[in-house]
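Written below as structure tokens is the structure these notes are about.
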Amino acid sequence: MDLLSRRMMLFLRSFLLILPLLVINANGQANPQVNPGQVGVHRRFEYKYSFKPPYLAQKDGTVPFWEYGGNAIASSEMVRVAPSLRSQKGAIWTKNQLNFDWWEVEIVFRVNGRGRIGADGLAFWYTTQKGDYNGPVFGSSDRWNGLGIFFDSFDNDNKHNNPYIMAVLNDGTKQFDHANDGTTQLLSGCLRDFRNKPFPTRARIEYYNNVLTVLFHNGMTNNNDDYEMCLRADGVQLPKNGYFGLSAATGGLADDHDVYHFLTTSLHPAGQIVENKVPQDNEKLSQEYKEYQEKLEKQKQEYKKEHPDEKEEEEWDEFYESENQRELRQIWQGQSQIFEHIRELSRKMDEVIGRQENTLSLVSRGLGAAAGAAAVQQPAVGGTAQQPPVVNVGGSISRAEVDLLVANQNNLLATARELRSLIGDIHARTDSILQQQQRAPSGQVQSAGYDVQAIINEMRDGMNQVKQGITHVGQKLGASPQAQTACPTGNCVGVTLFLGVTAVQLLLVFLYTIFKSRSEAQAKKFY
């Protein structure tokens, strides 16, 4: 009983959020913009022939007053008419026929893809019969009776005139000319690019007094009123009581065809519409709203009496971790571990450098003492000069050999500093990639593209340069007699061990980047 009450409360809450919009829309106030050329035209929003977010699709996947099929996918925010997979087709149609003659439809959509060109396109339909969900014309049926407005993104005739927007009329007997992209049948059209735009593209289709007008918003600005004329045709005779529909298809190339809004407004000449119908609908909806509100309050009171110690549902949200939060936490933990290993490696490098500098200072101090002792020696009796004593520092050593040792140690220090700088650069670039992924929207997935590949190549080149430098230093040390001596302190880190640890760190970063890109690409495909 508790589970049933909770589901009923959630349903009533969703209905109460939508119902005020329906009441406002019934009064015809949803779209206050009026075409300057249509003064005195009565406009009324038709919610039974429209859809928009939020709550576009219900929990069972259905869209109110609409039906869809094929490969179309409906969510709470949009309808993906055809996904970015090869040979996909889908469509969505109104359940009811139109009961008005003149109308205006505003469509907000996106056509996005990774390719330089896309396929095949999106189509708007007004036909006497519903089309197929897997048809040959942009996912719908051929030989339709009515109007089709096609947003064609693939150049079939190879005339470099796509993406193209065209209006095609058909009386149910003509077959669409795919080979020529419908240029032999089109009523009118315009050349507009609607793929991969920063903002959603818009199309406003108006049919009034047998005049068909199509306005287009190119999606380059976030100004919703930035429309431009695409086509206008007079004397267009469309059949009455048709159906609205949207369809899309992909071929060898693929795009995501997403529709966010489909808003229908009926147009009526002044004095033609029956004015007493709207108050009746308004009164009915208001009465339903009051009844559901009273029922919801009553169930809330009963639930609180039965569960006085239970917390509100919203208070428990903080105890649960969402999928995005869990993913970010795992990424942060992995990056923190990598940072700790790099910092430990840097500390050991500082220790090695300190020991080498201490060794150099001891060698320099011994040479200075030997030079001072040789300067204070006096000539012996008989005019013969006494030979200076030989200073043994791990055996007999000359000045030239000491200078060579000092030079080799300086080269080794410079190489170690360059390696530290490279490790710091790798850590900075890793943090930059993580921040870019965290700033990306959850609905959109970013794949590892050319920038990440360039970074990986640059890291690989840097490591090759470091390996060459260390090999060169090793050759110099191998050529000197001091290269065969043991480490002065006995705690030196070998070059092979150091390079192995660094290579393991770089391999971990590279594997994580590849795994992240593939998982996000798979998630994007099946959204």
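Cross-link pairs exceeding 32 Å between alpha carbons, from the set Lys52/Lys197; Lys52/Lys304; Lys89/Lys197: Lys52/Lys304. The alpha carbons of segment 177-284 stretch over 53, 33, 25 Å along the principal axes, in descending order. Please state the shape class of segment 88-195: rounded when a/c is under 1.5, otherwise prolate if a/b exceeds b/c and oblate if not, all from the C-alpha gyration tensor. Because a/c hits 1.5 or more and a/b exceeds b/c, segment 88-195 counts as prolate. Cross-link reach is defined here as a Cα-Cα straight distance under 20 Å, omitting same-chain residues fewer than 8 places apart; for Lys284 the lysines meeting it are Lys48, Lys295. Within a straight-line Cα-Cα reach of under 16 Å, Lys59 can be paired with the following aspartates and glutamates, leaving aside sequence neighbours fewer than 8 residues apart in one chain: Glu67, Glu77.
Neighbours of Asp101 by Cβ distance under 15 Å: Lys/Arg scored +1, Asp/Glu scored -1, total 0. The length gained on full extension between Lys284 and Asp142, counted as 0.36 nm times the residue separation minus their Cα-Cα distance, comes to 47.0 nm.
The share of accessible area on segment 148-252 that comes from carbon and sulfur is 44 percent, using a 1.4 angstrom probe.
Charge tally around Tyr227: other residues with Cβ under 14 Å, Lys/Arg +1 each, Asp/Glu -1 each, net -2. Within the accessible surface of segment 45-99, defined with a 1.4 Å probe on protein heavy atoms only, the carbon and sulfur portion equals 46 percent.
Calculated accessible area for segment 43-86 comes out at 46 Å² per residue, all protein chains present (probe 1.4 Å; ligands, DNA, RNA ignored).
The values are calculated or read from the model by the stated rules, or taken from the named source; none is laboratory data. Computed from a predicted model, the values in this text were never measured in an experiment. All Cβ positions, glycine included, derive from the backbone under ideal geometry; neighbour counts span all protein chains shown. Please note that ligands, DNA and RNA were not included when accessible areas were found on the heavy atoms of the full protein model with its side chains. Shrake-Rupley method; radii C 1.70, N 1.55, O 1.52, S 1.80 Å.
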